[in-house]
Structures are given as C-alpha cells and as structure tokens.
Amino acid sequence: MIRIIVYIIVFVFGISLSLAQIKSEEITIHNQAIQLPGTLTLSSEKQPLIIWVHGSGQIDRNGNQPTVNVKANYIKQFRDAVNKENIAFFSYDKRTANIKNTAFLQGTHIKDFALDANEVINHFKNNRNFPQIILVGHSQGSLVAMLSAEKADKYISIAGAGETIDQTIVKQITEQSAEFGKIAANHFKELKETGKVANVNPNLLSIFAKPNQSFWASWLALDPIKEIKKIKKPILIINGTKDLQVKIDNAKKLHVANSKSELLIIENMNHVLKDIQKEEDNLKSYYASEYPVSEKLIKTIVSFVKK
C-alpha cells in the first residue's frame, strides 16, 4: 500500500512538473494603430517558433469566433500539441477580432493582414531564443502568409486555396444555384474591371455590399498559384479529405506550382483541423472543442519543423 501511495504521489508530481514547463506570455504587437494581442508559449529556450496566420473572419488567437458561435478552439489545441514537442508557438487575435481596432478597419485590404504578419515576424526575428521561425497560414491565411513567407525560415499552408477567390466563391454559389453563380461571376468581372459593382443583385448583397467591394477587389488581385511560385523557402502543403470549405485539389494545385514543396493529404481531417470519423460530426466540430485535432497533422508538422 505504501508503495502504491508513493507511486501516485510521484506520478502526480511528474504531471505537475511537466505542465509547469510550459511558459506563457501575453504580448501585444502593433502595426501602427492596429493592436494584435497574442499569446506566446514555449517550454524552454532555443526552440523553433511557429507563428500562426488566421483564416477569414473575426478569429481570435485560439481559433474561436464568438460573434458566430464558433468554438472549435483548434488553434489552442494545435498550440498545446506542438508545445509538447518542444516547439514554441505564437498566435494573435486577428485585427478584425479585436474591438479596439474597430475605428481603423474601414478600407482594410488583404495585404494589410500580411503587414500585420510582418510586424509579428519582426518582433521575434532577432530573438536568440528562436533560431528558426515557421509561418503557418490557415485557409485565407495561407495566401496572406505567402506574402510574408520570405521573412520566415519555413512556410506551411493548411487548407489554402489554389485559385483566386472569385473562382472559389462562384463555385460555392453555383452549387446552390447555377443562375446566381453566373450573376456572381459577372459581378466579380465588373469588380475586376472597374473596381466596383454598380448594381448588386439583392440576393448577393451579403457578398457584394458596397463596404465590402474594396476588400474583394484587393483579394481578387492576388493569385495563390503565382504567389507560391515566388517562395524560395521550404514549403509544406496540407489539406484534409473532410474539408468542406477547401477541397484537396487546391493543395494539389499549389504543390504543382512549386516543385520544391511537400504535399500531405490527411485522411478524415476537416477545415478546423479536427479528426472526423462520422459525417454528422463535421459541422458540429466547428461549435464544440471536444473534437481532437488530427494527430497526423501534428506529427507531420513537427517532423517538418525539426528536420
């Protein structure tokens, strides 16, 4: 009995010691008036550092969007997993997720997100604790991170588009209605040619409303295929077979565009990086944090970072 008690005490102490090794620091990085509060976690000095670049929406540093009830917590889960492998991690609240930035968001273009990422990289670039910086871009962040990739040592794309944003959106709308898909294509064509859409179809107002048009125009001007060709650093491209938003052919297109890249298609991983065994759990995983992130995703990224 005494031996059992001693074993339990040692076991519990071991867990506490392990947890205590992860250090956390709150850091706010500024891009002029824009405030980007984030969390840095690490287990020791001299570790590679992963910097996360968000997808679209008002996403916070943990991968949640309270305004639309998204509680997947996938970035937090990713952070915890890589920290256990002696990799430091920094993620920040996207500029659109921080209410303090509201007054400065009008006229935001997609390249502004890249400028935010640049400031984050600059903050850590000359820190001797981080001999290597790896930029991970997720979804929209895949393209954003491409624009900043040369400032980092390695680049990872997760669920990144392999086509321009108009092609993606037109396909999505066409799946619901071929008629509205054609109208959307014409709206995008007008936006490219004139910088605005004069008469927006009422059914597409949520996309093409006047306040959104400048942002769309800036996004349309960027082609992920052209941008990834410019990257000279090591590249890893990842997509999941259960991704409802970005199909695996996008990852394949990006891989073909840069012959030096590595490609991984992960069976059963969805858009928020969760391992999905049942189809009915796919959308549910956006709104609940109990679904685990893909173990293969973590294992592959750890291997890529450390080699």
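Overview of values
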{"item": "The range 90-249: translational diffusion in µm²/s, Stokes-Einstein, Kirkwood Rh over Cα pairs, 4 °C, 1.567 mPa s", "result": "75 µm²/s"}
{"item": "Filter on K192/K306; K210/K274; K226/K306 - keep pairs with C-alpha separation over 32 Å", "result": "K192/K306; K210/K274"}
{"item": "Estimated distance in nm for a label pair at T108 and N127, the labels positioned 7 Å out from Cα along Cα-to-Cβ", "result": "2.3 nm"}
{"item": "Partners for K252 among aspartates and glutamates (Cα-Cα distance below 16 Å; same-chain residues under 8 apart left out)", "result": "E163, D223, E227, D243, E262, E267"}
{"item": "Convex hull of Cα atoms in the range 28-134, direction-averaged projection (nm²)", "result": "6.6 nm²"}
{"item": "Volume of the Cα convex hull of the range 240-307, divided per residue and given in Å³", "result": "84 Å³"}
{"item": "Residues of the range 63-90 with amide N under 18 Å of a point placed 7 Å along Cα→Cβ from Y287", "result": "64-74"}
{"item": "Part-to-part distance (alpha-carbon centres) for the range 261-295 and the range 111-177, which is given in Å", "result": "20 Å"}
{"item": "Computed [θ] at 222 nm, deg cm²/dmol, the chain (DSSP H ≥ 4; -39,500 (n - 2.57); rounded to nearest 500)", "result": "-13000 deg cm²/dmol"}
{"item": "Furthest towards positive pole of dipole, A33, G57, Q132, structure part the chain, Cβ charges", "result": "Q132"}
{"item": "Gain on full stretching of the segment that runs from E163 to Q245 - 0.36 nm per residue minus C-alpha separation", "result": "28.2 nm"}
{"item": "Subset of K111/K196; K189/K260; K46/K299 violating a 27 Å alpha-carbon distance limit", "result": "K189/K260"}
{"item": "Isotropic mean projected area of the C-alpha convex hull, the chain (nm²)", "result": "18.4 nm²"}
{"item": "For the range 127-198, diffusion coefficient by Stokes-Einstein and Kirkwood Rh (Cα), 37 °C, 0.692 mPa s, µm²/s", "result": "227 µm²/s"}
{"item": "Projected-area average for the range 165-210 over all orientations - Cα convex hull basis, square nanometres", "result": "2.9 nm²"}
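No lab work stands behind these numbers, since they all come straight from the coordinates. Note that the structure is predicted; figures quoted are calculated from it, not measured. Every residue, glycine among them, receives a Cβ derived from its backbone with ideal geometry; neighbour counts consider all protein chains shown.
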